[in-house]
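To start, the structure under review is shown below, and the notes come after it.
The values are calculated or read from the model by the stated rules, or taken from the named source; none is laboratory data. These numbers come from a predicted model, not from an experiment. Here Cβ is always computed from backbone atoms with ideal geometry, including for glycine, and neighbour counts include all displayed protein chains. Each accessible area value is taken on the protein alone, full model and side chains, heavy atoms only, with ligands, DNA and RNA left out. Shrake-Rupley method; radii C 1.70, N 1.55, O 1.52, S 1.80 Å.
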Amino acid sequence: MPKAPKVEVFAQTTLFAGREVTVEVVVTADHDTNIEYIDARITGHQGWRVGSGKSAVTMRVEYPDLIARLTGEGRLRGGTSRYRTAFVLPAGMPPSHAMTPAWAWLELRVRVAIPWWLDGRYKFTLPVRVPPPIDVARTPFAVRSSADPEAPRIELSLASTRVIAGETVIGSCAVFHLDDKKPRDVELMLVPTFKLHRNGRIRERRGDGLSLSVTIPAGGAGTSVPFRFKLPDDVTPTFKAVSHELAWWLVAKSGSFFGKKVEVMMPLEICDASASALTEQLVAPPRLTDERISAAFAQLAADQGWQPAVDRDDPDQLLYERTVGDATLRLGYAYRGKDGAFLVARVIYPSLGLQLSVTPTSRLMSLVWQDIEVDLDSWDRAHYVTARSRTQVYPFLRGVAPAVQSATSALGTLRRFDDDEVVFERGVTGVERAELLHAATTLEMLARSLASIPVPAPPQFDIDAIQEWEQLAQRVNGELTRGDLSIEGSLEQRPVSIALDFDDERAIRVRAVVGDREAAFENTPLTDGELADGFTGATDIELVDGVASAALPITDRLDVARVKTLVLALRALLAHRDPNRGPYR
């Protein structure tokens with residue numbers, strides 16, 4: 001009596017639509033058996049169902065339906081026989097899934113036809129995946145719920161709208177013109193949407209999505225709040241098939257039944273996980289701000305060569321910068337919740353060394369504290385000025401004050417003017433390209449004016465001492481800050497720092513530091529022999545973690561030769577202590 005043989009199927013680990021599939025069928029028979037044929041048949045099942053009972057609407061499609069004959073009529077010998085075949089899956093096949101209300105799977109059937117007896121019939125399910133694009137191009141994107149810049153809205157940005165199954169999605173969200181007295185939750189949902197095809201009609205349905213919550217902190221309206229979430233490794237990628245197609249949306253919404261509600265949606269394309277090996281990882285998403293303002297800044301960059309930048313203190317600020325001489329110009333747009341939006345302009349320059357601080361004044365400040373005046377009535381009334389030395393700062397500030405005042409017409413209120421930068425802010429409801437061009441031109445003129453006014457050296461020192469000090473700066477390959485005569489340089493590949501200590505306006509000592517902590521070596525007490533040469537008259541001599549330092553008092557004049565000798569002595573001390581020094585050092 002014939003007995004149906006045992007059948008096993010071995011296929012490729014990964015089956016992709018549109019590609020060839022290799023299948024091995026292993027047939028094990030207990031004894032020799034006459035057969036008519038052995039066939040392998042691959043059938044794709046896909047479809048959907050909406051509604052229930054009599055009102056249910058269903059669509060079922062078998063696609064593809066491919067048959068391969070493994071062997072014809074003959075005698076199947078006892079033992080194990082192996083047959084190999086290949087199928088080419090059509091490109092329009094959906095990936096295997098069971099996402100309500102749709103489904104798709106691939107079935108392999110093997111039939112061993114036995115004459116005058118029951119045939120052996122076997123079914124196997126093979127998982128199918130959608131191949132990723134050849135190039136998974138990243139496309140950063142930002143969207144907002146309302147085009148009205150004054151209306152309550154939510155904005156959403158992603159590092160890319162094309163993502164890969166299993167990877168971490170990176171984005172940020174922000175709310176504008178909404179109450180931020182308390183922390184506010186923004187609900188993020190990854191929503192699958194189906195288009196269901198039947199008889200030329202398309203029905204749209206949502207599937208079950210994934211959700212998470214992002215909290216906007218109190219006072220955080222207008223601030224980009226970053227978020228990250230990992231896509232499941234087995235999430236079904238975006239696809240189009242005969243009976244249905246799947247798309248993904250990222251939905252962000254906030255608000256309650258009794259308050260204002262805002263919602264925004266962003267389309268996503270999810271690619272198969274196999275794309276991760278050939279694609280760069282996601283980077284930071286675009287910062288959120290008004291799209292029209294972003295376009296104005298982009299046009300400024302195209303017209304005048306400004307470049308995008310990031311402010312460490314305010315990373316959400318839309319910011320561009322440009323270099324003019326030794327100065328860096330910056331223009332930015334900052335949204336500060338209930339306080340509104342501001343155009344922020346600044347010039348960053350090499351340190352003045354004056355301990356300068358210029359801020360807007362108030363009636364209380366003018367009554368309580370006395371500041372430095374430069375005998376320009378409009379300037380003196382509007383600003384509170386402090387510095388280390390009035391004598392030193394007066395000629396410089398009197399020279400630059402008119403240019404700074406003139407810039408306020410285009411750049412707004414002077415918020416800060418110190419040794420390192422001058423900062424302006426102007427409240428805005430929007431920024432047009434012409435405004436940015438005017439602000440950029442004003443900033444450049446201001447930077448050139450600041451560079452054209454020389455910074456006086458401390459008045460305590462004569463011209464000869466200053467010239468010798470400049471030569472010392474050259475000797476140590478250093479940059480000299482004229483206002484406080486500080487020097488930052490290097491000597492034989494060791495960092496060198498030389499600075500004056502002041503008591504009010506008067507310099508009382510020179511402090512020299514040589515070395516860096518990255519080259520640290522054992523700290524042991526200094527010996528008299530090590531301090532014999534070059535340290536005469538020096539105080540506060542230290543050697544800690546690879547950094548040697550000492551100070552020289554200043555009496556009647558600045559003895560530059562002694563300072564130079566001290567720096568060389570500190571360098572020699574490091575060379576003597578350095579455990580890595582060579583035999584000729």
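Figures for the structure shown
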{"quantity": "√(5λ) per eigenvalue of the Cα gyration tensor, the chain, largest first, Å", "calculated": "74, 37, 18"}
{"quantity": "Alpha-carbon spread of region 373-525, three principal axes, descending order, Å", "calculated": "63, 36, 26"}
{"quantity": "Relative contact order [Cα under 8 Å, 6+ residues apart], the chain, whole percent", "calculated": "8 percent"}
{"quantity": "Loop trypsin sites (Lys or Arg not before Pro), region 122-207 (other Cβ atoms within 10 Å of the site Cβ: 12 or fewer; DSSP)", "calculated": "K181"}
{"quantity": "Filtered GluC sites (Glu not before Pro), region 33-137: DSSP coil and at most 12 other beta carbons within 10 Å", "calculated": "E73"}
{"quantity": "Zero-based 5 Å bins, Cα pair distances in region 345-411, whole percents", "calculated": "3, 15, 28, 26, 19, 8, 1"}
{"quantity": "The chain: antiparallel DSSP beta bridges as a percent of all, rounded to 5", "calculated": "95 percent"}
{"quantity": "Degrees separating the helix 560-577 axis from the principal Cα axis of the chain, which is the longest one", "calculated": "40 degrees"}
{"quantity": "Cα convex hull volume per residue for region 121-258 (Å³)", "calculated": "177 Å³"}
{"quantity": "Contour minus Cα-Cα distance for Q281 and D503 (0.36 nm per residue)", "calculated": "74.5 nm"}
{"quantity": "Degrees, to the nearest 10: 291-304 long Cα axis against longest axis of the chain", "calculated": "60 degrees"}
{"quantity": "Expected-Rg normalisation [2.2 N^0.38 Å, Cα atoms] applied to region 391-430", "calculated": "1.34"}
{"quantity": "Region 1-147: Cα Rg divided by the 2.2 N^0.38 Å rule of thumb", "calculated": "1.42"}
{"quantity": "Interchain or long-range residues, amide H under 5 Å from G207's placed H", "calculated": "T193, F194"}
{"quantity": "Alpha-carbon centroids, region 125-201 and region 39-78: separation in whole Å", "calculated": "36 Å"}
{"quantity": "Lysine pairs in the chain with Cα atoms under 15 Å, if 8 or more residues apart or on separate chains", "calculated": "7"}
{"quantity": "Spacing of the two label points (7 Å from each Cα toward its C-beta) at R75 and H438, in nm", "calculated": "10.2 nm"}
{"quantity": "Highest to lowest packing among 448-456, 411-419, scored as the average C-beta count within 10 Å", "calculated": "411-419, 448-456"}
{"quantity": "Centre separation in Å (Cα based) which lies between region 371-401 and region 473-500", "calculated": "28 Å"}
{"quantity": "Accessible-area composition of the chain, carbon plus sulfur, in percent [1.4 Å probe]", "calculated": "49 percent"}
{"quantity": "Candidates per trypsin sites (Lys or Arg not before Pro) in region 1-84, loop by DSSP, up to 10 other Cβ within 10 Å", "calculated": "none"}
{"quantity": "In degrees, nearest ten, helix 463-475 long axis to first principal axis of the chain (Cα)", "calculated": "30 degrees"}
{"quantity": "Projected area averaged over orientations for region 110-169, convex hull of C-alpha atoms, nm²", "calculated": "8.9 nm²"}
